[in-house]
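Before any comments, here is the structure.
Values in this text are rule-based calculations from the coordinates and carry no lab data. What you are looking at is a predicted structure, and each value in this text was computed from that prediction instead of being measured. Here the Cβ positions follow ideal geometry from the backbone for every residue, glycine too, while neighbour counts run over all protein chains shown.
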Amino acid sequence: MIVTRFPPSPTGHLHLGGARTALFNWLYARHTKGKFILRIEDTDTARSTQASVEAILESLKWLGIDWDEGPYFQSKRLPIYQEHIRKLLDSGHAYLCDCPPKRLERIRREALASGRKPKYDGKCRDRGLNPSDETVVRFKTPLAGSTVLADVVKGTIVFENSELDDFIIARQDDTPTYNFVVVVDDITMGVNVILRGDDHVMNTPKQILIYKALGADLPVFGHVPMVLGSDRSRLSKRHGAMSVLAYRDKGYLPEALINYLARLGWSYGDQEVFTTKELIEKFSLEKLGKSPGVFNPEKLLSLNAEHIKRTPPKILAQRLLPFLARRGVPVEGADLEAVVASLIPRSKTLVEMADGALFFYTDKVVYEESAARKFLKPENAPILKQVSARLERLPAFEEEALEDAFKGIMAQTGLKLGKIAQPVRVALTGKTASPGIFEILEILGKARTLERLRRAVEYIDAHAAQSVDENST
Ligand code: GLU
């Protein structure tokens with residue numbers, strides 16, 4: 001069984017790069033009907049926070065990335081790490097070292113001065129020291145030979161062992177170091193596929209040596225290139241990238257973000273739009289790309305619009321509710337599903353959709369200034385009155401009947417549809433752009449429509465009176 005994992009360090013929000021790593025591991029586990037483990041790497045107590053843990057969990061839940069085991073916390077696993085350190089000491093794969101910092105610094109300086117790569121010189125390798133407050137535990141890296149990383153993304157990379165150090169696996173205070181705990185966790189949790197960012201490649205030979213020293217099978221490694229910004233530097237806020245939760249709050253659909261992240265480093269022919277189900281079906285390690293994906297906010301936005309179009313109005317309506325609640329809009333009177341359906345073609349995000357839905361739910365439509373100036377003027381008052389009179393007589397407020405009513409007014413007045421529909425649109429919505437006029441009328445229904453038309457005429461009369469006043473003074 002395939003076992004993958006996502007091991008975030010809880011030192012901040014979940015960002016796009018981390019979310020993509022989680023996604024690849026999750027997709028592979030789901031594709032192979034394997035297991036996906038969540039592990040919180042919180043050994044850096046100075047930088048880890050509970051708020052970050054919560055933000056990460058919330059982000060994954062919102063994305064729909066669910067885990068089968070965990071979250072495990074490294075901070076709660078110290079006895080397991082200590083047991084494995086003892087194993088390595090007992091088997092001669094690790095040793096105690098009490099070299100003082102001063103000496104280490106001198107070796108380092110000498111190496112740099114003579115153009116060599118600084119590394120520990122192995123002074124304590126065979127001294128057989130007893131543990132004390134001064135001792136650290138170092139891994140006994142083989143002095144010769146090489147360590148091979150057979151990476152499913154990058155191909156084979158060979159590291160000369162002579163280039164590697166006798167690195168520290170436990171500090172003076174007994175706390176284990178990063179490369180060591182990652183391997184112990186992955187071995188004891190049965191992880192056999194590790195997909196992660198290629199910023200970890202240089203750690204991997206050390207980790208492979210630890211696997212071997214502990215007599216464990218190697219997992220499959222795949223190091224995916226980092227996500228870049230448009231200037232091809234590592235993706236950051238500067239490139240308009242936000243945290244996962246910020247995308248949620250800006251009205252992105254989790255499916256759209258998942259789709260976008262999956263395509264940022266993985267491909268399937270030239271297909272761009274995928275449902276999450278399709279991604280699970282089609283995901284494979286072979287199609288992980290060697291070249292870095294470049295983040296493009298406009299593409300993400302248009303993908304979001306596409307996913308909005310593909311989501312049933314009933315589901316969108318549910319998702320829209322918190323956005324409407326945040327705007328203090330009571331969802332009463334107009335059927336939300338119908339409102340959503342009318343807004344789908346013109347909404348790239350749920351925020352845009354919520355803004356677009358406002359006029360349906362307020363009886364006091366606010367007229368945009370330019371719209372009012374252009375269309376709520378005295379010569380349009382008779383048109384609005386005529387529309388009112390005709391609509392009042394309609395037995396059913398349905399699109400077809402409404403269209404016939406407007407045709408009747410066009411025939412009677414000789415006016416084109418736009419001349420009639422635009423003032424009506426401003427009266428009903430306050431704006432010059434909105435969903436189709438007949439759709440709006442049907443959703444608003446007779447009583448609210450007539451009330452809005454009446455208010456618009458009132459507005460025109462009041463303004464006409466005001467400008468008469470102004471002219472006469
Ligand atoms: N905790 C590490 C990070 O957040 C991940 C380590 C790993 O994937 O092996 O970068």
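Worth pointing out:
- Rg in Å to one decimal, and Dmax rounded to a whole Å, for the chain via C-alpha atoms: 32.5, 107
- Förster radius 56 Å - calculated FRET efficiency between residue 370 and residue 80, Cβ distance, rounded to 0.05: 0.25
- Degrees, to the nearest 10: 297-310 long Cα axis against longest axis of the chain: 60 degrees
- Listed residue (213, 194, 181) projecting farthest to the positive dipole end of the range 166-219, Cβ model: 213
- In this Cβ point-charge picture (+1 for Lys and Arg, -1 for Asp and Glu), the chain has a dipole of about 820 debye about its Cα centre.
- Cα centre as origin, Lys/Arg/Asp/Glu Cβ charges: the range 299-451 dipole, Debye: 500 debye
- Projecting the Cα atoms of 48, 395, 63 onto the dipole axis of the chain, where Lys and Arg carry +1 and Asp and Glu carry -1 at the beta carbon, places 48 farthest toward the positive end.
- Acute angle (nearest 10 degrees) that the helix 178-188 long axis makes with the longest principal axis of the chain, alpha-carbon atoms: 80 degrees
- A straight Cα-to-Cα reach below 19 Å connects residue 407 with the lysines 385, 416, 419, 446, residues fewer than 8 places away in its own chain not being considered.
- Trypsin sites (Lys or Arg not before Pro) within the range 37-78, DSSP loop, no more than 16 other Cβ atoms inside 10 Å: 47
- For the range 286-367, applying the loop criterion from DSSP together with a ceiling of 14 other beta carbons within 10 Å to the trypsin sites (Lys or Arg not before Pro) yields 290, 327, 364.
- Gap separating the Cα centres of the range 339-416 and the range 229-280, nearest whole Å: 37 Å
- Net length available on complete extension from residue 102 to residue 326 is 74.7 nm, with 0.36 nm assigned per residue and the Cα-Cα distance removed.
- The aspartates and glutamates within cross-link reach of residue 206, meaning a Cα-to-Cα straight distance under 12 Å and a gap of 8 or more places when in the same chain, are 160, 163, 165, 166.
- Entry note, the chain: the mean residue ellipticity at 222 nm calculated from DSSP H runs of n ≥ 4, each adding -39500 (n - 2.57), is -15000 deg cm²/dmol after division by the residues and rounding to the nearest 500.
- With a Förster radius of 51 Å applied to the beta-carbon distance between residue 268 and residue 462, the computed FRET efficiency rounds to 0.25.
- Axis of helix 78-90 versus longest Cα principal axis of the chain: the two differ by about 30°, to the nearest ten degrees.
- Cysteines having no other Cys beta carbon under 4.7 Å from their own, within the chain: 99
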